[in-house]
Amino acid sequence: MKRKSFIYIALKLFKISFSAAPIHYSIYIIFVILNGLSSAFLTLALQMFFDEIELGIKGKSITADIITMLILVGMVIVGSHIINGIDNFLSEALGEKVKRKYTEKIIEKSAQLDPILFESHEFLDTMNKAHSGMLNAYYFLGVSMVIFIYYLPYIIFMSIYLFNLNPMLALILLLAFIPTMLSQIIRTGIFSKMEDKVAPIRRTYWHYTDAICGISYFKETRLLGIYGFLKGKLVGTILRLQDATWDTQKKSRQLEAITKTLTLLGYGGVLILLVYAVLKQDISIGAFAAVFASIGTMFDTMNEAICIHINNASHSLGSVRNFVDFIEYPVIERPEYQISRNAGIVVENITFQYPGSSYKALDSVNFKISPGETIAIVGENGSGKTTLGRILVGLFDPTEGQVLLGGKNIADVNRDAAFEGVSAVFQKYQKYQMTLRDNVHISNTTFDTDENNIKDALSKSGLNITDQSFTDGLHTMLSREFDGVELSGGQWQRVAIARGYYRSHEIILLDEPTAAVDPIEESNIYRQFAELSKNKTAILITHRLGSTKLADRILVLSQGKLVESGTHEELMNQNKVYAQMYIAQSQWYE
Ligand code: ADP
């Protein structure tokens, strides 16, 4: 992907942010511009005020003009505070709307992407980076905008104003700019070197902190009694972190002393210029006083713009670029197509290789599944069962070959259309932090809201909702973090299976969502699954063979190849891979 420029990224973010709240955003922009100009107006108003005072001193009287100018200065000061307040308020309120829009963009894109991408570590990394980029994006845009519509107008206005007073005075801005810029360049160099040195130590620090305080580590850390050990490691890391930062801080402070001296020299230069100009009567006393009063603001503004804003924007540019890259990640468009689910599945010579993997997870696999058939896919761990299941339901496209659903290659069809009428329960099913009802209902949100259907799915999966764990029946919250209950592994698995049943389907896949139950219990779940799926196309994946007898046909995979296919009896008679696996496992079922 081509590296996106600062301007491209800022404009892209602006477009998204603006669309989140166009009116609110337009008002915000107006206030930022007004905010920048109000500081510049103050210098002008002060000059006019001081000029009137000078006249007043000469005429030895307080003129109406002095009063008017005084009121004007007061109004500019009060106005600039009001504008600043409104500006801050608008920015914060807008932030929430814009961040919501960014999140929507990430979700929309994730939903469009090819699921195989999520199997690649690099892509997961890209996604994580995009997410942290998203967190910085609003700030980045704010800062970029402020540079262009707050600082730039202020600096342009002041340059013109000073130049008009006396061309020499335009040098003032340069004297404020050069030392600040220099100190910034030096500091950035030092800190980026420090970051390289400190980043790995900081990661170790976070890991030990997490191991001591994190929820997921708590039980094991406590049981092993290794708090003392981890504390020793943590303290050691903190000391290393301190050493690394101490050196850098020392260097940075020394350099800061030098650059602050430079700034001071710049400040001195400005004063000399001013005094020189007023003594030569190039500028009025009023202009002298107004510029004198504004020097502080000018230096502060330069410092803020360069040291804080430009610096922060350039720091976060890399991370925000990841966010924009992600939301512009190319998506392959596939046409909508109504697939007939009752025409069976034809697998034609498929081969599959995971991204970044050096070998084939599936190798030249061919078979057909008739509508309504119950198929068991069996094989040792790593033989390719899960991969085949994912391809059959249209999650992954084969690297070679094709899967025809109702005569149509699924790889040519829009994913949403391919997933319609397909239900699947995977090994790594999700535990949604929602109520029991919602945990089931989400698989089919367009389905009716009749709770009896949910209860029915739960009873088919064998979950007893009258159990005391479900304190609030279907409405029990299934998450301790949200003040609900924590289910056992077996109960969670049944919730996931119920979700699979509840989704309206013609094809259903069960990929060993049974790790938390024993082999006998698993057999029962599979037996019930086969019963319930009688007139549907049902695919069950397992490496435990206790329940495969029920299948109309068993496909045996070994190292990515389909090595046997037939009924339980046929395969037992062949006395090859399946029969040996079955005999080896038979003690589990006795
Ligand atoms: P099974 O379901 O039979 O245990 P899988 O289909 O999960 O087997 O895996 C088949 C092969 O593909 C294994 O060698 C496994 O290590 C590999 N594999 C699975 N997932 C990935 C992945 N995301 N990236 C690379 N290789 C993978």
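The values are calculated or read from the model by the stated rules, or taken from the named source; none is laboratory data. On a predicted model such as this, the values are computed, not experimentally measured, just so you know. So basically every Cβ, Gly included, is an ideal-geometry build from the backbone, and we count neighbours across all protein chains shown. Side chains included, ligands, DNA and RNA excluded: accessible areas come from the protein's heavy atoms. Shrake-Rupley method; radii C 1.70, N 1.55, O 1.52, S 1.80 Å.
Criterion applied to 139, 102 was being open to solvent by 60 Å² or more (accessible area, probe 1.4 Å), of a type in the set (Ser, Thr, Tyr) and touching a helix residue (DSSP H, G or I) at 6+ places or on another chain (Cβ under 9 Å), and the one residue passing it is 139.
With respect to residue 119, determine if the residue is within 20 Å of residue 415 (Cα to Cα), open to solvent by 20 Å² or more (accessible area, probe 1.4 Å), within 16 Å of the ligand (Cβ to nearest atom) and out of contact with any Leu (no Cβ under 9 Å at 6 or more places or on another chain). When the stated conditions are applied, residue 119 passes them.
Condition (residue is more than 30 Å from residue 13 (Cα to Cα), open to solvent by less than 60 Å² (accessible area, probe 1.4 Å) and touching a strand residue (DSSP E or B) at 6+ places or on another chain (Cβ under 6 Å)) applied to the range 322-339: is it met by at least one residue?
For the range 322-339, residues more than 30 Å from residue 13 (Cα to Cα), open to solvent by less than 60 Å² (accessible area, probe 1.4 Å) and touching a strand residue (DSSP E or B) at 6+ places or on another chain (Cβ under 6 Å): present.
Using the structure shown, decide if residue 255 is open to solvent by less than 60 Å² (accessible area, probe 1.4 Å) and outside any loop (DSSP other than H, G, I, E, B). Answer is yes for this residue. Being at pLDDT below 80 and crowded, with 22+ Cβ neighbours inside 10 Å narrows it down to one of 514, 537, so name that one. That would be 514, the only listed residue that is at pLDDT below 80 and crowded, with 22+ Cβ neighbours inside 10 Å. Applying the criterion of being in contact with a Gly (Cβ under 8 Å, 6 or more places away or on another chain) and open to solvent by less than 10 Å² (accessible area, probe 1.4 Å) to the residues of the range 540-556, the residue that is nearest to residue 375 (Cα to Cα) is 554.
Looking for something surrounded by fewer than 17 Cβ atoms within 10 Å (Cβ to Cβ), of a type outside the set (D, E, K, R), on the phi > 0 side of the Ramachandran plot and within 13 Å of the ligand (Cβ to nearest atom) - is there at least one such residue anywhere in the range 403-426? The answer is no; no qualifying residue exists. Restricted to the range 509-590, the set of helices (runs of 4 or more DSSP H) holding at least 3 residues that are in contact with a Phe, Trp or Tyr (Cβ under 9 Å, 6 or more places away or on another chain) and more than 16 Å from the ligand (Cβ to nearest atom) comprises 519-532, 568-574.
Counting only residues that are surrounded by fewer than 21 Cβ atoms within 10 Å (Cβ to Cβ), of a type in the set (D, E, K, R) and in contact (Cβ under 8 Å) with a residue 12 or more places away in the chain, the range 480-502 holds 1 of them. For the range 208-224, does any single residue satisfy the condition of being touching a residue at least 24 places away in the same chain (Cβ under 8 Å), touching a Leu at 6+ places or on another chain (Cβ under 6 Å), farther than 20 Å from residue 301 by Cα and not hydrophobic (A, V, I, L, M, F, W, C)? Within the range 208-224 (the criterion being touching a residue at least 24 places away in the same chain (Cβ under 8 Å), touching a Leu at 6+ places or on another chain (Cβ under 6 Å), farther than 20 Å from residue 301 by Cα and not hydrophobic (A, V, I, L, M, F, W, C)), the answer is yes, since at least one residue qualifies. Is there a residue being over 30 Å from residue 135 (Cα atoms) and touching a Pro at 6+ places or on another chain (Cβ under 7 Å) anywhere in the range 329-343? For the range 329-343, residues over 30 Å from residue 135 (Cα atoms) and touching a Pro at 6+ places or on another chain (Cβ under 7 Å): present.
Does any residue of the range 3-11 turn out to be more than 21 Å from residue 312 (Cβ to Cβ), open to solvent by 60 Å² or more (accessible area, probe 1.4 Å), basic (Lys, Arg) and out of contact with any Ser or Thr (no Cβ under 6 Å at 6 or more places or on another chain)?
Within the range 3-11, none of the residues are more than 21 Å from residue 312 (Cβ to Cβ), open to solvent by 60 Å² or more (accessible area, probe 1.4 Å), basic (Lys, Arg) and out of contact with any Ser or Thr (no Cβ under 6 Å at 6 or more places or on another chain).
The set of residues from the range 427-438 being in contact (Cβ under 8 Å) with a residue 24 or more places away in the chain and either within 16 Å of the ligand (Cβ to nearest atom) or farther than 19 Å from residue 464 by Cα (or both) comprises 427, 429, 430, 433.
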